[in-house]
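J.: A single structure is presented below for examination.
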Amino acid sequence: MLDLLAQTGLNAIYAASYISLVAVGLVLIFGVMGVINFAHGELFMAGAYVVVAVYADMHLPFFIAVVVGLLFVGCLGLLMERALFRPLRDNPLGGLVASIGFLMILQALASMGFGVRMEFIPPVTQHVIWFTDSISIPLARVYVIVAAVLLLSALWYFLKRTRFGWALRASAQDPQAAELQGISIAQTARIAMFIGAGLAGIAGALTAPLVSVNPHMGHSVIVTAFIVIIVGGVGSLEGAIIASVVYAFVHTFVTTFYGGVIADITGLSLMLLVLIVKPTGLFGSADRA
Amino acid sequence: MISKLMAAGLSRRTFLKSTAITAVGASLPSMSLAAGEPIKIGFLAPLTGAVAAWGKPGLDGCQIWAERVNAAGGIELSDGKHPVEFVSYDNEYDPAKARTGATKMIREDGVSFIMMLGGDTWPGVQPVADKTGMLFSTLLPSDLSPDSTTLLAPAEVHPIYLVTGVDYLADTYPDAKTAVICAQDDALGLPSVATYLAAFEARGIEVLGEPLLFDPATTDFAPIVTRMLSSNPDIICLDTCYSDYVHPICEQLFQQGYAGKLISATADFYDQMIAKTSKEFMEGFIFQFPDFDDPALAGDNINFEDANGFYEAYAERHPGEWGAVSWEYASIMDLWKAAAEKAGSADPDAVMAAMKEGGTGKHAFGDAKWWGTELFGIDNALVGDWPVVVIENGKAVIKGFKSIPDWYDQHGDLLIKHMQTYNQMYDQRG
């Protein structure tokens, strides 16, 4: 039984890692831009397809593909900021609708470029770390965990300890006051979109060899990310990380001990419970970042 | 007059339905064909999305089939030969889109027959079939019910053929006595779970715990695999999981150290699974869908014309994309063509009557009978032998053909019992 608990715990740590990367990116974009980016799951998908193109098709090293995934999807974020969100800055509903349109465009482009079938990505490594005869974790999953810890730590440092980070937080708290202090709202929006999209892209790229890569793979990811940011508190980065861990552990343990369908119901119930008890989420208000 | 008809066996429901069909049918475009005019066949299946692997390869196979038939002059009806043309519509495995597609194909495209994957999409299409009398086919006999007399399951007898794989497993590995089952919670997964439960029970194999049903949106299968392995089973049954699930589940099983037997309805793109696990891990994997280059498909019992040549053409045009359904829709078209030529007409009623004449038909894997009243309420499934396929040294090999009706004659009560438990009998489905 202890082995089963330990193995489930390792599974949950992996799940928390990639969910938190996606959710934090989504929160960052919402916090700074005030837009709910429905295309965030498709940015995750785009990162996975970069790995298909660069690693599986062009046979370049996996970690180069991952870096390309981060940069490419970050640039997609910049494109979204310039083409969609900036012209609709005063119209949050318009930004939301535009992101849904962009979601469909990305899905269609993936279908046209790669076909509708699940993509085959050669294993990055088949090495498995064995703790006991029945407790193990594949090295490819460890990469995801390590990347999540490093990237989220770097993001924390960036936001708390650098001038750009302060500017970003100021823009999120009060855009007008920040602008009066000489902070360029357009620039902070670009930075937020690049980082937010890039985090989704790198999550997709790192997990691509571990999941089924197809044009619709972003759907379940965005649903999970929305649950997480609602539980954590829309706009709260700390809340997103903590809620990712809570959700991943609850979902993984319930899946293992009771079943996947019950786990989904439990996850949604958790969100509803939080909304009833604390409508702003566990960690704060909607205007924080 | 009406009371006399009722007394003669015409129920009020049938009378109203017939009247509705006549009324709607009168407003439909004529299905009669001018000499030499192409016969249009509808292909209404998921071409994108998670279930596309069971739609798109079938359409690719149909294009090859059409080229072969048209190169030989086309389909010969009473007024001469007609080329055949496929009209496709992507239903994305969505019932509403399937309904829209069926309506478009009948009203605008003038198709003579519509092929579907079925499953979750059939309830969306059923009212259209009922109203128009159009002939439809499904790959899933579990869609059949007495309410839809124009729906046939002429190729795949999912999930009933799964019993043949379990029989082979029990015969070959008598020491394997315990199993766990997992499946996605949908119209493909549930009847399949019931069938595997019946097949395991028939052979004295204990299923450990309840089958694990997971949300079709699942992407991380590590927790599911951890749970399956926690009971230390001899056999892991992947049920009728889509290849998007079979691949990551197998990879997880490999990474979590599983070394027992594996059985599944399909093993599409198994070469990729071998690449992600190992040849040794996949050795002995039992499933139900052969590669058509298998020498066993050149036998006299096979009714699929030049199966090996078809595979060769498919592999050349779509390298690495051969899957469970690559041949199935084409084999349905073989039956449809033979029936249309026999009837001398592409009219749905005439073709269906010719197809079912004598209660037997030439199924791809041998002569079979129209069957299913006990299970589906109607004899609209063409059932006979089905191959058992095993991966040996990295290649799918047919290990033999087993009779599904023979199994049912012995264990049909078990199948009905488990189908009832999962509300999958025709009179239980909504």
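What follows draws every value from the coordinates through simple rules; no lab data is involved. A quick note: this is a predicted structure, and the numbers were derived from the prediction, not measured. Every residue, glycine among them, receives a Cβ derived from its backbone with ideal geometry; neighbour counts consider all protein chains shown.
J.: So what are the three principal axis dimensions of the stretch A:141-209 from its Cα atoms, in whole Å, longest to shortest?
T.: 46, 20, 14
J.: Let me ask you something else. Can you list residues from other chains, or at least 5 along the same chain, whose modelled amide H is less than 5 Å from the amide H of B:I39?
T.: Result for B:I39 returns B:V84, B:E85.
J.: How big is the stretch B:285-341 by Rg and Dmax over its Cα atoms, in Å?
T.: Every Cα atom of the stretch B:285-341 included, Rg and Dmax give 12.0, 41 Å.
J.: May I pose another question? Given the rule -39500 (n - 2.57) for each run of at least 4 DSSP H residues, summed and divided by the residues of chain B, what is its mean residue ellipticity at 222 nm, to the nearest 500 deg cm²/dmol?
T.: Taking each H run of at least 4 residues, the total per residue is -12000 deg cm²/dmol.
J.: Short version: what are the Cα gyration tensor semi-axes of the protein assembly as shown, square root of 5 times each eigenvalue, largest first, in whole Å?
T.: Working through the eigenvalues yields semi-axes of 48, 31, 24 Å.
J.: Just name one of B:P290, B:L140, B:A222: the one whose Cα is farthest towards the positive end of the charge dipole of the protein assembly as shown (beta-carbon charges, Lys/Arg +1, Asp/Glu -1).
T.: Checking the options against the dipole of the protein assembly as shown, the answer is B:A222.
J.: Ok, one more. Please list, in order along the stretch A:203-217, the HN-Hα scalar couplings obtained from phi with the Karplus expression 6.51 cos²θ - 1.76 cosθ + 1.60 (θ = phi - 60°), rounded to whole Hz, x for Gly and Pro.
T.: Result, ordered by residue: 4, x, 5, 5, 8, 3, x, 9, 10, 8, 8, 8, x, 9, 5 Hz.
J.: Okay, moving on. Can you tell me the 0 to 90 degree angle between the C-alpha axis of helix A:92-114 and the longest principal axis of chain A, rounded to 10?
T.: On a 0 to 90 degree scale, this one is about 40.
J.: Related question: Quick query: amide H of B:T360 versus all other amide H atoms, modeled in the peptide plane; which residues come in under 5 Å with a sequence gap of 5 or more or a different chain?
T.: B:W370
J.: Within 10 Å of each Cβ in peptide B:229-239, how many partner chain Cβ atoms are there on average? Round it to a whole number, please.
T.: On the way: counts 3, 8, 0, 1, 0, 0, 0, 0, 0, 0, 0.
Whole-number average of other-chain Cβ neighbours for B:229-239 is 1.
J.: B:L152's amide H: which non-local residues (gap 5+, or another chain) put their own amide H closer than 5 Å, with H modeled 1.01 Å from N in plane and none for Pro or chain starts?
T.: B:F136, B:S137, B:T138
J.: Using packing as a proxy for protection, rank B:331-344, B:268-281, A:20-33 so that the peptide with the highest average count of other Cβ atoms within 10 Å comes first.
T.: On the way: B:331-344: 20.9, B:268-281: 18.8, A:20-33: 28.9.
Per-residue Cβ counts within 10 Å, averaged per peptide and sorted highest first, yield A:20-33, B:331-344, B:268-281.
J.: Karplus couplings for the stretch B:206-221 from phi (6.51 cos²θ - 1.76 cosθ + 1.60, θ = phi - 60°), rounded to Hz, Gly and Pro as x?
T.: 7, 8, 7, x, 6, x, 7, 9, 10, 5, x, 7, 4, 10, 9, 9
J.: Then there is this: Take the Cα atoms of the stretch B:116-246, build their convex hull, and give its volume per residue in Å³.
T.: Values: hull volume 14.6 nm³, N = 131.
Cα-based convex hull of the stretch B:116-246, divided per residue, equals 111 Å³.
J.: Excluding residues on the same chain fewer than 8 positions from B:K40, give the lysines whose Cα lies under 22 Å from its Cα.
T.: Straight-line reach from B:K40, under 22 Å: B:K56, B:K81, B:K97, B:K104, B:K131, B:K337, B:K342, B:K356.
J.: Here's something else I'd like to know. Checking a compactness column here: for the stretch B:32-159, what do you get for Rg(Cα) / (2.2 N^0.38 Å), N being the number of residues?
T.: 1.04
J.: Given a cut-off of 19 Å, what percent of all Cα-Cα pairs of the stretch A:203-267 lie beyond it? Write out the running numbers ahead of the final one.
T.: Details: 863 of 2080 pairs.
Summing the P(r) of the stretch A:203-267 above 19 Å gives 41 percent of all pairs.
J.: For chain B, what Kirkwood radius comes out of the mean inverse Cα-Cα distance, in Å?
T.: Details: mean 1/r = 0.0451 Å⁻¹.
Computed over chain B, the radius equals 22.2 Å.
J.: So, with +1 on the Cβ of K and R and -1 on the Cβ of D and E, and no other charges, what is the size of the charge dipole of chain A about its Cα centre, to the nearest 20 debye? Spell out each step's value before the answer.
T.: Values: 12 positive and 12 negative charges, 112 e Å.
The dipole magnitude comes to about 540 debye.
J.: Also: For peptide A:114-122, what's the mean number of Cβ atoms from other chains within 10 Å of each residue's Cβ?
T.: Working: counts 0, 4, 12, 12, 12, 1, 8, 3, 3.
Across A:114-122, the average partner-chain Cβ count within 10 Å equals 6.
J.: Quickly rank A:125-136, A:48-59, A:264-275 as a protection proxy: mean count of other C-beta atoms within 10 Å, highest first.
T.: Working: A:125-136: 13.2, A:48-59: 20.3, A:264-275: 16.2.
Highest to lowest by the protection proxy: A:48-59, A:264-275, A:125-136.
J.: Helix A:139-161 versus the longest principal axis of chain A: what is the Cα-based angle in degrees, 0 to 90, to the nearest 10?
T.: 20 degrees
J.: In nm, give the distance between the simple-model label positions of A:L180 and B:T178, each being 7 Å from the Cα along the Cα-to-Cβ direction.
T.: Going by the 7 Å Cα→Cβ label model, 7.1 nm.
J.: Taking every residue in A:169-175, how many Cβ atoms of other protein chains lie within 10 Å of its Cβ, on average? Write down the numbers at each step before the final one.
T.: Working: counts 0, 0, 0, 0, 0, 0, 0.
What the average comes to for A:169-175 is 0.
J.: Is the C-alpha gyration tensor of the stretch A:1-122 telling us rounded, prolate or oblate? Criteria: a/c under 1.5 is rounded; beyond that, a/b larger than b/c is prolate, otherwise oblate.
T.: Values: a/c = 2.22, a/b = 1.32, b/c = 1.68.
Oblate is the answer for the stretch A:1-122, as a/c is 1.5 or above yet b/c matches or exceeds a/b.
J.: When a/c is below 1.5 the answer is rounded, else prolate if a/b is larger than b/c, else oblate, so apply that to the stretch A:123-261 with a ≥ b ≥ c taken from the square roots of the Cα gyration tensor eigenvalues.
T.: Values: a/c = 2.26, a/b = 1.94, b/c = 1.17.
Prolate.
J.: How are the alpha carbon pair distances in the stretch B:287-408 distributed across 10 Å bins from zero to the largest one, expressed in percent?
T.: Result, from short to long distances: 13, 39, 33, 14, 1 percent.
J.: Against the longest principal axis of chain A, how steep is helix A:218-232, in degrees 0 to 90 to the nearest 10, with axes from Cα atoms?
T.: 70 degrees
J.: A further question on this structure: How high is the FRET efficiency from A:F131 to A:S269, r the C-beta distance, R0 22 Å, rounded to 0.05? Could the numbers behind the result be given before it?
T.: Numbers: r = 32 Å, r/R0 = 1.47.
Given R0 = 22 Å and the Cβ-Cβ separation, E is 0.10.
J.: FRET efficiency for A:L2 and B:A298, Cβ-Cβ distance as r, R0 = 41 Å, nearest 0.05? Could you put the intermediate results ahead of the total?
T.: Working: r = 55 Å, r/R0 = 1.35.
Computed FRET efficiency for A:L2 and B:A298 comes out at 0.15.
J.: Turning to a different aspect of this structure: How large is ³J(HN,Hα), in whole Hz, for each residue of the stretch B:381-389 in order, when computed from phi with the Karplus curve 6.51 cos²θ - 1.76 cosθ + 1.60 and θ = phi - 60°, using x for Gly and Pro?
T.: 10, 8, 10, x, 8, 9, x, 9, 10
J.: If you don't mind, another one. Put a dot 7 Å past each Cα toward the Cβ at B:D413 and B:E210; how far apart are the dots in nm?
T.: 2.7 nm
J.: Can you tell which of A:P61, A:V246, A:T188 lies farthest toward the positive end of the dipole of the protein assembly as shown, using +1 and -1 charges on the Cβ of basic and acidic side chains (Lys, Arg; Asp, Glu)?
T.: A:T188
J.: Moving on to the next point. If you take the beta carbon distance between B:T360 and A:A108 as r and set R0 to 41 Å, what does 1/(1 + (r/R0)^6) give as a FRET efficiency, to the nearest 0.05? If you can, show how the numbers build up before the last one.
T.: On the way: r = 46 Å, r/R0 = 1.12.
E(calc), rounded to 0.05, equals 0.35.
J.: So for the pair A:L78, A:H59, with labels modelled 7 Å out along Cα→Cβ, what separation do we get in nm?
T.: 3.2 nm
J.: Could you order the peptides B:159-168, B:299-308 from most to least packed, using the average number of other C-beta atoms within 10 Å per residue? Can you show the working numbers first?
T.: Values: B:159-168: 24.9, B:299-308: 16.0.
Packing order, densest peptide first, comes out as B:159-168, B:299-308.
J.: Right, something else. In Å, what is the Rg of the alpha-carbon atoms in chain A, and how long is Dmax?
T.: Just the Cα atoms of chain A yield Rg and Dmax of 18.7, 62 Å.
J.: Excluding residues fewer than 8 places away in the same chain, name every one of the aspartates and glutamates whose C-alpha is closer than 12 Å to that of B:K402.
T.: In chain and number order, the partners are B:D167, B:D385.
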